[in-house]
Structures are given as structure tokens and as C-alpha cells.
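Below is one structure; the comments refer to it alone.
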Amino acid sequence: MPRMLDVSDEVRAEIGDEEAARLLAGESAPGSYDCTSCRTPGDSEQERTSTVLFIGDETAVLAFAHATCLPSQVVQVTEEQLQGAVRSIGAVGGEPPQQVQQPVPQPYQPQQQAQQQAQQPPNLVPEQAVLGVTSGLVLIQNELHPALVVEPTAPVARPGTLGSGDDFLPLLIEQGFMPMTELAAVPPVLHGWSVLLAAGQLHAVLQPNPNGGRPVAWWQAHQPLQVTDGWRAAANKHQQVLMFAAPVGSVGRQPREDLMRDALDKAAANGKLVSAALPLAGI
């Protein structure tokens, strides 16, 4: 039976017209599936469905999502990330993704805290930096927004300099992040950057490729980070994630979301916080 699939020109260019035709005819696409964004059931025979192609170094995985959750697109990821997603999504050809067990959220509990080695983002970090990444919900204008708080564990110098200063925020501002003095409004969208969710887990923050082409990872998790149903639901509702960044020692690894919010407010008041809304660009 024909499927109500959206196959973007970018996806079609990667998989070829013949495979695209097979998908649209229902020969290689599932009828029912678990949306790889919101992880709820979908039916490509009854509702518009997006094809999302994840490409690693050696492997490509075709996933499916509600068209209202994600547009059809191609996302470049590392082979390690893709292999992790393969175990949850299933093989190319449309086998239904496996269910991912999610942790039970606790009141005011930040969902994940992790310190990961950042990849070398072009024109941003001169040497390997350790970034602390915390995910949680932030209340702005009486509405909850999914957020990532990023803070390095040491000062970040400008590439090519020998000084001991901290240029973490200036470098991000040059990339388009906005300084904040208070958390009174949602920051503007920073186009070209995005947050990658794969199989309901947080994989990476992507930035524009300085050489053109597909985005590259600015930060990526060594192992995919679980997010709660509430965080993922908010991300799918807004189709974006708020990223806040602060220099070392400005926010800290707070154990509760209310304390994290207090720390963000103090960092903003002290002129030590930048932010942007990053579109959701993953499964």
C-alpha cells in the first residue's frame, strides 16, 4: 500500500530515485512505526511521515518520524553514534525501532549531568576541553522549555593565543550566541546550529561546517544521554532546545532544577551567560 511519506530532495539524492520509489510504494517502509523523535506510535498509511537519513563514516540508517515532529532531512553523525542508534532504531529497511527505557523523573531533578570530551570545534576551542553538560526544564514566561547548560571545567583560550584568559563566551558570541542579563524571554533561534536527538536520547550539539556541507558536532556525548519524557515532550512541542553557556565556575553542577535556575539567573546578572534557541535536528 502507498505510504504518506515525505522524502526530501536531500534524502532522495543519498538513497537514489529507485529506493525512494520503493519507500513511497510501501515496499521498504513500515506501516506502523515508533516516531524516532517523540517515541510515540505513527502510521505512514494514515499520516504524513518524514524520512530521516542518518549517515556515519561507513553506515547509513533510515528512520521515520511524524512529519509534525521533524522534516525529512539528512543528518551527519559519527559512526559510533550511528551504531548506538542502530541498536535502538533497527536495520535500514524499516524495522520498527525498539523501545528505549527512560528514567523516572524526580521532582526538580535535572535529568542528566555529564562531562564529555568535546570534539575540536573549528575556530572555537584551541585544545581539548572538558565540557559539563546538564539538561533540564527551564520556566520562561510561564512555560517550560527544554534546556542544555554547558560549562567548561577550565578557561578556554582563543585559538592561536598563548594567554591564560578565558574567551569561551566571546567565541560563542562570535558564533551568534546572545549575551543575557536575565532569563525573561526565550532567546532568538541560532540557525545552522541544532541539537541532535537519536532514538529518544541526546547525542550531540551540531554547528555549521566551516567548509560547507552538512553540520558537524560541536559537542557530542561519548554515550547517548537519556532524557526524560517531559524534556523530550517539551522539545517536540517547541521544536527547539535552549542552550545556555557560561564560563567555568559560573553555574556549577547543580543537583536540582530550581538550584540550576538560580545559578543561571546569577550568571546572567553577572554578565556571564550567553544563550540561543537551537532547532531540533535529530530523530
| Relative contact order of region 203-283, pairs being alpha-carbon contacts under 8 Å that are 6 or more residues apart, as % | 27
| note | Amide H neighbours of TRP219 at under 5 Å, excluding residues fewer than 5 places away on the same chain, with H built from the backbone geometry, are VAL205
| request: Mind checking the full-extension length gain between LEU139 and ASP265? Use 0.36 nm per residue of separation minus the Cα-Cα distance, one decimal, nm. | output: 44.2 nm
| C-alpha center-to-center spacing [region 236-260, region 24-70] in angstrom | 30
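The numbers here are math on the coordinates, done by the rules we state, and not lab data. What you are looking at is a predicted structure, and each value in this text was computed from that prediction instead of being measured.
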